[in-house]
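The values are calculated or read from the model by the stated rules, or taken from the named source; none is laboratory data. As the structure is a computational prediction, the values presented were derived from the model and not from experiment. Neighbour counts are summed over all protein chains in view; Cβ atoms, including those assigned to glycine, are modelled from backbone coordinates with ideal geometry. We work out accessible area using only protein heavy atoms, side chains counted, and drop any ligands, DNA or RNA first. Shrake-Rupley method; radii C 1.70, N 1.55, O 1.52, S 1.80 Å.
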Amino acid sequence: MPSQPRVNRGPAAAAHNRAAILAAARTVLTEDGIDASLAKIARTAQVGSGSLYRHFPTRESLTMAVFGDYIAEVEELGSRSDSTLDDILELIIGQLPVSAALISNLTPGPVYASADADPGLSAIGDRLSALLVAKLSAPETRGTIHADTTTDQLFLAVAMAAALLAKTAPALRPSVAAQCWRVLLQGLRHPAP
């Protein structure tokens, strides 16, 4: 017996479809990496390819939307008065299995500025930088990160982890991210000699 065809709900389904595509993209990008099949993302979201491309006309627009959601989560956590830099960095590292390729291209501030930097990524880098500066500035929000640590050093640590994960098989990324971060935290928690 053939299954019933899905009813096309038209524009009424737009918000639901977009949310489903983003959720599927997180899952598929975690499993398959940044070059994951867009068709697989559409199938996982249970939408047609046309719906995916209507919301996200390019791979870059989809990955930037996923990344934008990640940054919004980081900003939401950072806005809480009880959150510390440790909490924020733990969340960022937890997001790295999907966002590694984008994070490794963030260019905050003059130290890492590049003439060919993507303006969207630069803006996200600046937002993240402002959040890190705010958390670094007070002992009660700095957590266990050493007082002499700079925002540039935090970006460098995250970018090093991201660069490693971008070259790691997707299935291994969560455990490699955790291991890498444990090593990097040792340096961030202790002053340089």
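In the set 179, 153, which member is touching a residue at least 12 places away in the same chain (Cβ under 8 Å) and over 21 Å from residue 73 (Cβ atoms)? Testing whether each residue is touching a residue at least 12 places away in the same chain (Cβ under 8 Å) and over 21 Å from residue 73 (Cβ atoms) leaves just 153.
Of the set (1) modelled with pLDDT under 80; (2) open to solvent by less than 60 Å² (accessible area, probe 1.4 Å); (3) of a type in the set (A, V, I, L, M), all apply to residue 115 but (2). Any residue that is over 25 Å from residue 30 (Cα atoms) and of a type in the set (Val, Ile, Thr) - is there at least one of those in the range 171-190? Checked the range 171-190: no residue is over 25 Å from residue 30 (Cα atoms) and of a type in the set (Val, Ile, Thr). Restricting attention to the range 118-139 and to residues that are within 20 Å of the chain's Cα centre (by Cα) and among the polar types (S, T, N, Q), the residue that is modelled with the lowest pLDDT turns out to be 122. Test residue 42 against the stated conditions and say whether it is modelled with pLDDT of 95 or more and hydrophobic (A, V, I, L, M, F, W, C). Considered against the rule, which asks whether it is modelled with pLDDT of 95 or more and hydrophobic (A, V, I, L, M, F, W, C), residue 42 comes out as yes. In the range 165-177, is there at least one residue being in contact with a Gly (Cβ under 7 Å, 6 or more places away or on another chain) and either at pLDDT below 90 or open to solvent by less than 50 Å² (accessible area, probe 1.4 Å) (or both)? Within the range 165-177, one or more residues are in contact with a Gly (Cβ under 7 Å, 6 or more places away or on another chain) and either at pLDDT below 90 or open to solvent by less than 50 Å² (accessible area, probe 1.4 Å) (or both). Filtering the range 31-50 to residues that are within 14 Å of the chain's Cα centre (by Cα) and either without any contact (Cβ under 8 Å) to a residue 60 or more places away in the chain or crowded, with 19+ Cβ neighbours inside 10 Å (or both) leaves only 33. Taken as a whole, the condition of being open to solvent by 50 Å² or more (accessible area, probe 1.4 Å), within 15 Å of the chain's Cα centre (by Cα) and at pLDDT 85 or above applies to residue 90. Taking the conditions (1) surrounded by 21 or more Cβ atoms within 10 Å (Cβ to Cβ); (2) within 16 Å of the chain's Cα centre (by Cα); (3) closer than 30 Å to residue 16 by Cα; (4) at pLDDT 90 or above in turn, residue 75 satisfies each one other than (1). Among the residues making up the range 133-153, a single one is open to solvent by 80 Å² or more (accessible area, probe 1.4 Å) and under 10 Å from residue 189 (Cα atoms): 148.
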